[in-house]
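One structure is given here, and the rest of the page talks about it.
Each value in this text was obtained by applying a stated rule to the coordinates, not by laboratory testing. The structure presented is a predicted model; accordingly, all values stated were derived computationally and were not measured. Cβ coordinates were reconstructed from backbone atoms using ideal geometry, including for glycine residues, and neighbour counts include every protein chain displayed.
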Amino acid sequence: MKYILLMSGSKAGVDSYLAWTPQDRDAHMAILHKINRELTESGEFIATQGLTGPSEAKLVRGEKNGLPVTDGVFPEAKEFLLGFWIVDVATPERAYAIAGKISAAPGPNGAPTNMPIEVRQFASYSK
Amino acid sequence: MKYILMMNATKANWEDFAKWTKEDLQRNVAFMRTFSKELKDKGIFVGTEGLGWPNEAKLVRAGKDGQPITDGIFPESKEFLAGYWIIDVESPEEAYRIAARVSAAPGRGGAPGNIPIEVRQVLKGFTDLGI
């Protein structure tokens, strides 16, 4: 069963992340790298990716005169995808357990971020 | 440059989608298949997936004892990821053009859906964030 684990945050959340000390950021990344290694070793790892900041996001709707209609204005409350992990696991519970580990990764001063991670199964009709 | 094109939808949008006729669905799926094939033919396709229904989504937070705390309750206004495409293109403008094509995918009665597509560059490294 393939699941995607989505980490999202508002602009305010991204701004506060950018203010973390380099030490806090390194400690956070070290745990995320360790989780990736563990998932690779268990054969559950498919992919992971971080996204660039929301200030560069564009919303595209249809075309006008053959050009895409783009908009870069988003409500402050909008949640932006920050990054994702794709895992292939035996049960939904295992997907939740992995999401729990990601949520427990350390933030400022080593305290767990407790970031909510949205867990979604891939649709079987996608291919 | 790798970009992710995301199709997001609220619960109301999903419920509406569930009421599409079989003909509308088939037309939309046929468009998506042709679209993916075109991306592959151009050599810019990296990946695509559709996601399961939002009523199956869970929000997970770390518990104190290492056990995940799951929650399945979401605000009506929340946008759920419905599906995405990852493409490898030369410029952001090319990513926007491709997003516009997906946005124009046929909806009810074959009219363009005009669904907004969120276009984001994926990170190569943290230098992309300016940190």
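I'd like to verify a number: residues in the range A:34-54 that are in a helix (DSSP H, G or I) and free of Cβ contacts under 8 Å to residues at least 12 places away in the same chain, how many? Reasoning before the result, please.
Start the filter on the range A:34-54 by keeping residues that are in a helix (DSSP H, G or I), which leaves A:34-41, A:54.
Within this subset, residues satisfying the condition of being free of Cβ contacts under 8 Å to residues at least 12 places away in the same chain are A:34, A:37-38, A:40-41.
Qualifying residue count for the region: 5.
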Subset of the range A:11-33 [more than 15 Å from A:ALA111 (Cα to Cα), in contact (Cβ under 8 Å) with a residue 60 or more places away in the chain and either charged (D, E, K, R) or assigned to a loop (DSSP other than H, G, I, E, B) (or both)]: A:LYS11
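For B:PHE80, indicate whether it is within 25 Å of A:THR91 (Cβ to Cβ) and crowded, with 16+ Cβ neighbours inside 10 Å. Before the answer, list the steps.
Working: within 25 Å of A:THR91 (Cβ to Cβ): yes; crowded, with 16+ Cβ neighbours inside 10 Å: yes.
It is true that B:PHE80 is within 25 Å of A:THR91 (Cβ to Cβ) and crowded, with 16+ Cβ neighbours inside 10 Å.
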Which listed residue, of A:GLU79, A:GLU118, A:GLU56, A:GLU38, is more than 13 Å from the chain's Cα centre (by Cα) and within 8 Å of chain B (Cβ to nearest Cβ): A:GLU56
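Please work out if A:ILE35 is among the β-branched types (Val, Ile, Thr) and either within 30 Å of B:MET7 (Cβ to Cβ) or surrounded by 18 or more Cβ atoms within 10 Å (Cβ to Cβ) (or both).
Details: among the β-branched types (Val, Ile, Thr): yes; either within 30 Å of B:MET7 (Cβ to Cβ) or surrounded by 18 or more Cβ atoms within 10 Å (Cβ to Cβ) (or both): yes.
Answer is yes for this residue.
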